[in-house]
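What follows draws every value from the coordinates through simple rules; no lab data is involved. Since the model is a prediction, treat every value here as computed from it, not as a measurement. All Cβ positions, glycine included, derive from the backbone under ideal geometry; neighbour counts span all protein chains shown.
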DNA sequence: CGAGTTTATTTTATATATAAACTATTTAAG
DNA sequence: CTTAAATAGTTTATATATAAAATAAACTCG
């Protein structure tokens, strides 16, 4: 741009800064997702949503309700029903009944599910580390902090 | 954590920095995607992939091949076929034949497509600006630059 | 208590997605 | 020219996704 950029252009550039930020966020996410999806399929014959759901359960040994999985994974309840069906059919998780509330299932990893997830998690982490290899630790930390603030901003009540 | 964090823990924390970064990237993207999807559905009865495809065509008045759309949108060719089918059925885009290569289609916006996209783009940009409202311009710029480097890093040949 | 509301999950219809196989066309090599 | 390989796009089968309707259980309050 020339040195004669006026107020109009400056305002317009500011407006576009958010748009550009969003497009880059989306692109980076898709690039990483595509790589991880391919690696999960090639090495473990599984998918990203299944891996993510198992990761949620691994962190919650007491089990999670369908609705809680839906909220944590930021997807609809119907979607959770489908993924849980698949994983349950494969024997990796179980729907447990909650004696206190018969509307609810507590979903838990099976022993085999925990075993398989442990193996996948190690590989998964190494893929991610490799993908970010070359981005200085300091920059990763800054990015991390910025995204953490952005996440807090996006989930604030008054939006 | 205690003040007695040793070398082992420190190394482990470094390893987890990339993983945490990836999870936050994914969360922020999903939060924004969900909001934009709902707004597009409510106000324009359309979807994010359709809007994105039209945005690609808006920037390329000469038209784009199916494969080029696939590469730019980071999705498979079969997916593009489906979205283009939908938009063509709605009269918003057309498949034009390329006289020089009969395997190829040049996909272009129709006049009605350009009209509708222009309306949507204005609204869309204001939603994005609102979502980031409250994140200081300086931080948005820093984030933008970091993500730009990350994107370059992720698309480098030697990965 | 009991009708009406809320909450948890599933079902339905439809739209994206992928990978892999397939068709048609073009390019390359002899 | 002609076969082989590469390229562009579509089709198929399957897995995620959504929104909206349906089901079932739990809560509320007059």
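Per residue of A:29-38, count partner chain C-beta atoms within 10 Å of its C-beta, then hand back the mean as an integer.
On the way: counts 11, 5, 7, 7, 5, 4, 2, 2, 0, 0.
Shielding by partners across A:29-38 averages 4.
Name the residue, out of B:38, B:108, B:137, whose mean-square fluctuation peaks in a Gaussian network model built on chain B with Cα pairs under 10 Å.
Result: B:137 has the largest fluctuation of those listed.
Most fluctuating residue of A:122, A:93, A:32 in a GNM of chain A with Cα springs under 10 Å: which is it?
A:122
If the label for residue B:121 sits 7 angstrom from Cα along the Cα-to-Cβ line, what are its distances to the same label in every other copy, in nm to one decimal, shortest first?
From this label point to the equivalent ones elsewhere in the assembly: 4.7 nm.
Mean separation of Cα pairs under 8 Å and 6+ residues apart, divided by the residue count of chain B: what relative contact order is that in percent?
Working: 98 pairs, mean separation 27.9, N = 159.
Reported as a whole number, the value is 18 percent.
In region A:87-131, which residues have a backbone nitrogen under 15 Å from the label point lying 7 Å from residue B:156's Cα in the Cα-to-Cβ direction?
What the label zone holds, given the 15 Å backbone N cut-off, is A:129-131.
Grab the eigenvalues of the alpha-carbon gyration tensor for region A:106-159, scale each by 5, take roots, and send me the semi-axes largest first in whole angstrom.
Numbers: eigenvalues 172, 102, 6 Å².
For region A:106-159, the ellipsoid semi-axes come out as 29, 23, 6 Å.
From other protein chains only, count the Cβ atoms within 10 Å of every residue's Cβ in B:121-133, then give the mean. Display every interim value, and only then the final one.
Numbers: counts 1, 0, 0, 2, 5, 2, 3, 9, 7, 2, 7, 8, 3.
Counting other chains' Cβ atoms within 10 Å and averaging over B:121-133 gives 4.
Beta carbons within 10 angstrom, averaged per residue: use that to sort the peptides A:68-75, B:16-23, highest first.
Working: A:68-75: 16.9, B:16-23: 18.8.
Per-residue Cβ counts within 10 Å, averaged per peptide and sorted highest first, yield B:16-23, A:68-75.
Between residue A:101 and residue A:71, take the C-beta separation as r, use R0 = 22 Å, and let me know the FRET efficiency to the nearest 0.05. Intermediate values should be presented prior to the final figure.
On the way: r = 17 Å, r/R0 = 0.77.
The formula returns an efficiency of 0.85 here.
What angle, in degrees between 0 and 90 and rounded to the nearest 10, separates the Cα long axis of helix B:48-58 from the longest principal axis of the Cα atoms of chain B?
Taking Cα atoms only, the helix is inclined about 60 degrees.
Between region A:75-114 and region B:18-41, how many Å separate their Cα centres?
So the separation of the two Cα centres works out to 24 Å.
Let me know the mean shielding of B:67-77 by other chains, meaning the per-residue number of their Cβ atoms within 10 Å of its Cβ.
1
Would you mind classifying chain B by shape? Square roots of the alpha carbon gyration tensor eigenvalues, ordered a ≥ b ≥ c; an a/c under 1.5 is rounded, otherwise it is prolate if a/b is larger than b/c and oblate if not. Provide the component values of the computation, followed by the final result.
Working: a/c = 2.85, a/b = 1.82, b/c = 1.56.
Taking the square roots of the gyration eigenvalues as a ≥ b ≥ c, chain B is prolate.
What spacing in nm lies between the two simple spin-label points modelled at residue B:19 and residue A:30, each 7 Å away from Cα in the Cβ direction?
It is 2.8 nm.
Quote the Stokes-Einstein diffusion coefficient, in whole µm² s⁻¹, for the protein assembly as shown, based on the Kirkwood radius over alpha carbon pairs, a temperature of 37 °C and a viscosity of 0.692 mPa s. Walk me through the intermediate numbers first.
Details: Rh = 22.2 Å.
Calculated translational D: 148 µm²/s.
Only Cα pairs within less than 10 Å get springs; with that Gaussian network setup on chain B, which residue of B:110, B:29, B:47 has the largest fluctuation?
B:29
Relative contact order for region B:46-136 using alpha-carbon pairs under 8 Å, separation at least 6, rounded to a whole percent? Mind dumping the intermediate values first?
Values: 86 pairs, mean separation 26.0, N = 91.
Once divided by the residue count of region B:46-136, the mean separation gives 29 percent.
I need the shape label for region B:46-92. Rule: rounded when a/c is under 1.5, else prolate if a/b > b/c, else oblate, with a, b, c from the alpha carbon gyration tensor. Intermediate results must be reported in sequence, preceding the final value.
Details: a/c = 1.40, a/b = 1.08, b/c = 1.30.
Here region B:46-92 falls in the rounded category.
So what's the angle, to the nearest 10 degrees on a 0 to 90 scale, between helix B:111-132 and the longest Cα principal axis of chain B?
10
Ignoring everything except DSSP H segments at least 4 long, calculate the 222 nm mean residue ellipticity for chain B; use -39,500 (n - 2.57) per segment, divide by total residues, nearest 500.
Numbers: 6 runs with 110 residues, N = 159.
Taking each H run of at least 4 residues, the total per residue is -23500 deg cm²/dmol.
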